[in-house]
Amino acid sequence: MSDSLAITKFSDLANPTRFLALVGKVVPWLAAITAILFAVGLYLAFTTEGDYQQGDTVRIMYVHVPSAWLAMMCYTVMAVSAIGTLVWRHPLADVSHKAAAPLGAAFTLLALVTGSLWGKPMWGTWWTWGDARLTSVFILFLMYLGLIALNRAIADPSRAARVSSVLILVGFVNIPIIKFSVEWWNTLHQKASVLRLDGPTIDPEFLRPLLVMAIAFTLLFFTLHFLAMRNEILRRRVTAQRRMAARMASRGDAA
Amino acid sequence: MRLTAENLSARRGEDLIFRDVSFALEAGESLVLTGRNGSGKSTLLRVIAGLLRPESGKVTWHAPDAEEEMKAAEASHYLGHRNAMKTELSVTENLSFWRDFFSRRNDNRSLSVGEAADAVGLGGIAHLPFGYLSAGQQRRMAFAKLLVSWRPVWILDEPTAALDVSAESVFTTLIKSHLKDGGIVLAATHQPLGLEKARELKMTGFAGVMEEVW
Amino acid sequence: MRLTAENLSARRGEDLIFRDVSFALEAGESLVLTGRNGSGKSTLLRVIAGLLRPESGKVTWHAPDAEEEMKAAEASHYLGHRNAMKTELSVTENLSFWRDFFSRRNDNRSLSVGEAADAVGLGGIAHLPFGYLSAGQQRRMAFAKLLVSWRPVWILDEPTAALDVSAESVFTTLIKSHLKDGGIVLAATHQPLGLEKARELKMTGFAGVMEEVW
Amino acid sequence: MKYAFYVYTSYGVATFVILCLIAWVWLDGRGRRKDLAELEASGFRRRSAQPTVESPAKGEGT
Amino acid sequence: MTALLLRDIKLSVRAGGGALIGVLFFIAVVAVIPFGVGPDLNLLSRIGPAIVWIGALLSALLGLDRMFQNDREDGSLDLMLMQEHPLVLTVLIKCLAHWLGNGLPLVIASPLLGLFMNMNEVAIGATMLTLLVGTPALTFIGAVGAAVAVALPRGGLLVAIVVLPLAIPVLIFGVSAAYAAVEEPAPFLPPFLILVAITMFFAVLGPLGAALALRNAGD
Amino acid sequence: MTALLLRDIKLSVRAGGGALIGVLFFIAVVAVIPFGVGPDLNLLSRIGPAIVWIGALLSALLGLDRMFQNDREDGSLDLMLMQEHPLVLTVLIKCLAHWLGNGLPLVIASPLLGLFMNMNEVAIGATMLTLLVGTPALTFIGAVGAAVAVALPRGGLLVAIVVLPLAIPVLIFGVSAAYAAVEEPAPFLPPFLILVAITMFFAVLGPLGAALALRNAGD
Ligand code: HEM
Ligand SMILES: Nc1ncnc2c1ncn2[C@@H]1O[C@H](COP(=O)(O)OP(=O)(O)OP(=O)(O)O)[C@@H](O)[C@H]1O
Ligand SMILES: Nc1ncnc2c1ncn2[C@@H]1O[C@H](COP(=O)(O)OP(=O)(O)OP(=O)(O)O)[C@@H](O)[C@H]1O
Ligand SMILES: [Mg+2]
Ligand SMILES: [Mg+2]
């Protein structure tokens, strides 16, 4: 009975300490590769030709499309973590979706802003409420904010994690709506031309910088996510130790 | 008929409240939890009632007629610190709601709403809204809820708080007769309940911090 | 310093719960209300605290320094069945709110928040949200509220419900020292409080119906 | 370049938001490590970091 | 289970006054819009279905957050969680009671508001029908939010935020079906069927999610 | 008294991000509107002020009814009733805290929403001004309803009847003042002054009524 079942159960799986060690090893490499890819991506983005139809605004694509993909991917990562929280009750999963929410909100904001900046020259308006793609992305943004608020509102972290997991999973219906909104409703927004079943239909001239930037964004996300997870783990470690210290102090008084 | 708990441990926030609690209760047996304020009595009862997930271990219920194990919660009545009654509804409405809600097929050991109110000594005021009762009367009515539908296991969290002496003895009688009928009782109290052959489990509280996880 | 009640009677719904209750308490005296559940103890205490209008009679408070009579309510602390604490706020926040809210000019007999929490034996966990405390710990903290701001009269409704034995003795000590300081205590209980020279008033409940009016 | 304003603003916004994220992660991490160091300095150690210390919680299960 | 249904309806009539508050708020919403739009009766009747739907959506939010909170505070929720009837069923019944107490009155009041907005009979009928079909979806979605609110010290607004994004599709299809019934070229059935499908979908997902949240909010 | 103000603000902020949530909710409500009415920017900017006001009314209603209920349920209200500070003052402070925690953030956020609704600067300014002046009235009216709700275990319906009919004039004058600022012929001042008068009136009547109801609620 020296160690409770709970504790041995957790140390079988990747435990936080081991995760921290992993982060320490992997993150410098990730960060370096991200930086290189960004350099290459930006170079390509500003040296390839403009589109005859869209002019130079096509360069906005290289930030808009990756951040839009990331906004959706981040939510997917959170949904997978949410399953981890609810089904396996793995503490790392709690940390994972809590840390991802601000990142997701930031990328969604980017997609919204760059989209608007692209929309003004292309469609002549910053924003329209009539487009299902635009509004569903806006809803995604609100959901990220709501999840952040929810996490802040519940004091007990593991309870907060479980409750927000439920919400994440329920909100996941929005992701397919975002993805397929352009097919289901006839709208202003571009139809999918890269991520489609029958292969990309976009000119390779644009595809190359786009892919490089997309990979760079993805790696950036994982770098930041790992670091944010590490911060969250440290935060919990600090609170746990503070409680322990308080308990031992009050115990000392009693004795 | 047998209620077993194996190696239970539970946590509140980051604190482990208790670890490795095991016991087994047969029909007619009772277990009384004692311990200081905050020592984890309510926590253990909530774990057994299935309202709080244990950190490890499990609670099982073997009925003589059923083959497989059931969740203990389904065979139990739980009387917590709160009374689970609506202040806006009358006592009768409250009790008959719970009677219907709890009712099972071929259950002939339950009392009717009126009988239950009489059994706790409040037959005369069952038409009042629950919110109009005094603290002790409310507690009695909450107890009457256990009588309107038969469940083998009673999980009682300080059932006699706010009660006067006569009501305490009424409760003791009711608990004893439940045990005689082959029931099982788990109770947390600060005052002796007056059960003769009750086993006692003394809680100590705070068995460590879960910081190892982090 | 003197708290007097003259010919009090009070009613709940259409029932007269008690009639013609009179008493006078001087500094250092205490009165314990006993009686069955629903006999009107809480009702009497609420009348004295000014929370319920008496059907007839009045409660007065004479302070030695003030010339005219004050309402007794303003010289009193009331500890009811409910704890008057917010579950969302930490214990310290709760206590310091009440300290500030109750504070009076030139009041030097109050304890600080930390001292009050220590006095009820919970100094170590004052940073936790109130909602995280166990039932007994909550009750102790509610009692600590009486210590953060000095009031001569304490009106206590079942102060020891849900408490363990050690906490009960702590409370008794606190009440005794309040009496020694020249305070007045009115308490309703089902368990003996252990006060030596307390006067006792036994409530009987239901003193008639108000049908005369009609 | 035509529409240069839109292009540069979008890259600018993107850079700004990403820098904010990096700053947040970095500052947060620094704060937490400082907290840990303070706890360490006040003499508190994780138990798993010091397995030989006799744990106060052991043997308390009922 | 019938007992639960009856009790909840009784409570909502007796205590919350849900029905009346909802209807009054609904009327308030519909009453102020003409100020914005001006006395242009044509325009009013054109946006009528949308306004009625928005009013219904907003009044559905009122009181939704306390669907489980009250039961939690007095301890009833604990007892419901312990029962062997599947929790999903309990949640479903509570949703039903909530809809009967709060949603149905809105549906019934909607023709009156349609008259306020100068809508014609077809539009009124279509709006009422879409409300009848669509408001249950709002309740089911709200149940998830309410269940989440149980874990919160004070749920209220947070619930609404969480719930609104999910409610938007309901609104969109409800309104477009109502319009389709009036304006000629657009067919009524496709959006209406989608609305039905959404309601069915949330009738499953809502109680499931709410039950999951309740199980996990436990303390 | 400052302690009470601070505590109440703390509670409203703590309990789920207060200001953030109020604003988020407001945004969510306003964002929902275009889904209903359609993407017609002209129409949107025309009904904008009305929508923003409705959003404010709704967020004022959510949670207002529990202003005293929470204090009553945990027994704090008893202790407040016993103090020698006049009860009216206590109520006033509670209203103030409620407005600071819930009303003010809405006022501050309203320009953003104005942008969403494609309103012009004048309309945005006018809406914000009317909100600043009008939302306190909603709080004061709500306080009466909340106090009545405390008094009656079955007071639900009464609250609705008390609060909303009184709130509707506020809404109507607020909205019409906002419109008057934009549309030429109508003068801005008359409705605005009426709004100011209503607020002043309820600033006196609200706390008085609430205090009276609380005193008589005693049980
Ligand atoms: C605020 C406005 C906008 C938002 C919220 C937005 C959102 C999105 C999202 C979520 C995606 C990813 C979709 C997917 O992977 O299937 C996307 C992709 C894309 N967007 Fe936008 N967008 C906006 C404006 C624009 C504008 C104005 C243009 C150009 C005229 C544009 C062009 C594209 C293109 C070309 C793609 C890539 C499609 C693909 O290859 O799959 N977007 N956008
Ligand atoms: N709000 C109310 N409305 C109507 N009747 C009430 C109300 N509150 C209490 N009563 C009735 O008044 C009587 C006295 O109640 P009171 O709370 O004073 O009893 P008590 O002596 O404190 O009992 P206990 O020991 O159970 O706390 C009871 O019979 C009760 O039914
Ligand atoms: N919701 C909660 N979140 C975090 N900690 C909690 C929570 N509820 C209780 N605790 C803590 O768990 C410990 C055990 O509480 P529990 O209610 O089980 O005690 P108890 O033995 O029932 O005490 P009492 O005799 O006072 O009722 C206490 O120290 C308390 O502070
Ligand atoms: Mg307990
Ligand atoms: Mg009493």
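The values are calculated or read from the model by the stated rules, or taken from the named source; none is laboratory data. It should be emphasised that the depicted structure is a prediction, and the values quoted were computed from it without experimental measurement. Every residue, glycine as well, gets a Cβ built from its backbone with ideal geometry; the counts of neighbours run over all protein chains shown. Accessible surface areas use protein heavy atoms only, side chains included; no ligands, DNA or RNA. Shrake-Rupley method; radii C 1.70, N 1.55, O 1.52, S 1.80 Å.
Across the identical copies, the 7 Å label point of F:PRO86, projected outward along Cα→Cβ, sits 6.1 nm from its counterparts, in ascending order. Using a probe of 1.4 angstrom and keeping all protein chains present, the accessible surface of the protein assembly as shown works out to 39 square angstrom per residue.
In this Cβ point-charge picture (+1 for Lys and Arg, -1 for Asp and Glu), the protein assembly as shown has a dipole of about 1860 debye about its Cα centre. Here the simple spin-label model places points 7 Å from the Cα toward Cβ, and for F:GLU184 and A:TRP123 these points are separated by 3.4 nm. For C:MET70, nonlocal amide neighbours, meaning residues 5 or more places apart or on other chains whose placed amide H falls under 5 Å from its own, are C:TRP61, C:ALA63. Shown is the FRET efficiency for F:ILE108 and A:ASP203, computed with R0 = 56 Å from the Cβ-Cβ distance and rounded to the nearest 0.05: 0.75.
Sorted largest first, the principal axis extents computed over the alpha-carbon atoms of segment E:82-189 equal 52, 26, 26 Å.
Rounded to two decimal places and with Rh computed the Kirkwood way over Cα pairs, what is Rg over Rh for segment C:74-162? Result for segment C:74-162 is an Rg/Rh of 0.93. Two tests apply to each whole DSSP H helix in chain B, Cα reach of 20 Å or more along its axis and mean Kyte-Doolittle hydropathy of at least -1.0, and the ones passing both are B:165-180. Rounded to the nearest 0.05, the FRET efficiency derived from the C-beta distance between E:ALA3 and A:GLU183 at R0 = 35 Å is 0.15. Accessible area buried by the pairing of F and E, both sides summed with a 1.4 Å probe, works out to roughly 3700 Å².
For A:GLN190 and D:THR15, the FRET efficiency from 1/(1 + (r/R0)^6), where r spans their Cβ atoms and R0 equals 30 Å, is about 0.80.
Please compute, for peptide E:2-11, the average count of beta-carbon atoms on other protein chains lying within 10 Å of each residue's beta-carbon. Walk me through the intermediate numbers first.
Values: counts 2, 8, 3, 0, 4, 9, 1, 0, 5, 6.
Per residue, the average neighbour count from other chains is 4.
Express the C-alpha Rg of segment E:2-216 as a ratio against the empirical globular expectation 2.2 N^0.38 Å, rounded to two decimals.
Numbers: Rg = 17.6 Å, N = 215, 2.2 N^0.38 = 16.9 Å.
Working it through for segment E:2-216, the quotient is 1.04.
Peptide D:22-31 is shielded by partner chain Cβ atoms: per residue, an average of 5 of them sit within 10 Å of its Cβ. The largest-to-smallest principal axis extents of the Cα set in chain C are 56, 39, 33 Å.
Hey, what's the Kirkwood Rh for segment D:1-41 if you take every pair of different alpha carbons, in angstrom?
On the way: mean 1/r = 0.0801 Å⁻¹.
One over the average 1/r among Cα pairs gives 12.5 Å for segment D:1-41.
Think of the protein assembly as shown as having a plus end and a minus end, set by charges on the Cβ of Lys, Arg, Asp and Glu; of F:LEU115, C:ILE175, A:LEU44, A:LEU44 sits farthest toward the positive end of this dipole. A cut-off of 5 Å between modelled amide H atoms, ignoring neighbours fewer than 5 places along the same chain, links C:SER56 with C:SER9. Here is how far apart the F:LEU115 label points are across copies: 4.4 nm, shortest first, using a point 7 Å from Cα toward Cβ. Burial annotation for segment A:55-69: residues with an accessible-area loss of at least 20 Å² between the isolated chain and the complete set of protein chains, computed on heavy atoms with a 1.4 Å probe, are A:ASP56, A:THR57, A:ARG59, A:ILE60, A:VAL63. Each part reduced to its alpha carbon centroid, segment C:109-156 and segment A:106-152 end up 50 Å apart.
Where does segment A:25-226 land on Rg(C-alpha)/(2.2 N^0.38 Å)?
On the way: Rg = 17.9 Å, N = 202, 2.2 N^0.38 = 16.5 Å.
Taking the Cα Rg and dividing by 2.2 N^0.38 Å, one obtains 1.08.
Past the 27 Å Cα-Cα mark, which pairs from B:LYS202/C:LYS145; A:LYS98/C:LYS145; B:LYS58/B:LYS86; B:LYS71/E:LYS10; A:LYS98/F:LYS10; B:LYS145/F:LYS94? Where the Cα-Cα span goes over 27 Å, the pairs concerned are B:LYS202/C:LYS145; A:LYS98/C:LYS145; B:LYS58/B:LYS86; B:LYS71/E:LYS10; B:LYS145/F:LYS94.
Under the Kirkwood approximation applied to all pairs of distinct alpha-carbon atoms, what is the hydrodynamic radius of the protein assembly as shown in Å?
Working: mean 1/r = 0.0308 Å⁻¹.
Taking the inverse mean of 1/r over all distinct Cα pairs, the protein assembly as shown comes out at 32.4 Å.
For C:GLY38, the residues whose modelled amide H falls within less than 5 Å of its own, excluding neighbours fewer than 5 places apart on the same chain, are B:GLY136, B:GLN137.
Shortest first, B:GLY182 label-point distances to identical copies amount to 6.8 nm, with the label point at 7 Å from Cα along Cα→Cβ. Among the residues of F:164-177, the average count of other protein chain beta-carbon atoms within 10 Å of the residue beta-carbon is 3.
Among residues of chain C, the one whose Cβ lies closest to the rotation axis carrying chain C onto chain B, together with that distance rounded to whole Å, is C:ALA161, 2. Rounded to the nearest 20, the size of the Cβ-charge dipole of segment F:44-141 about its Cα centre is 380 debye, with Lys and Arg at +1 and Asp and Glu at -1. Placing one equal scatterer on every Cα of segment C:98-214 and applying the Debye formula, the log10 ratio I(q)/I(0) at q = 0.16, 0.18, 0.21 Å⁻¹ is -0.81, -0.97, -1.25. Solvent-accessible area assigned to carbon and sulfur over segment F:2-216 amounts to 75 percent, based on a 1.4 Å probe.
For the pair D:GLU38 and B:LYS71, label points projected 7 Å from Cα toward Cβ lie 4.3 nm apart.
Suppose every K and R has +1 on its Cβ and every D and E has -1 on its Cβ; what is the size of the dipole of segment A:25-226 about the Cα centre, in Debye to the nearest 20? Intermediate values should be presented prior to the final figure.
On the way: 13 positive and 10 negative charges, 141 e Å.
It works out to roughly 680 debye.
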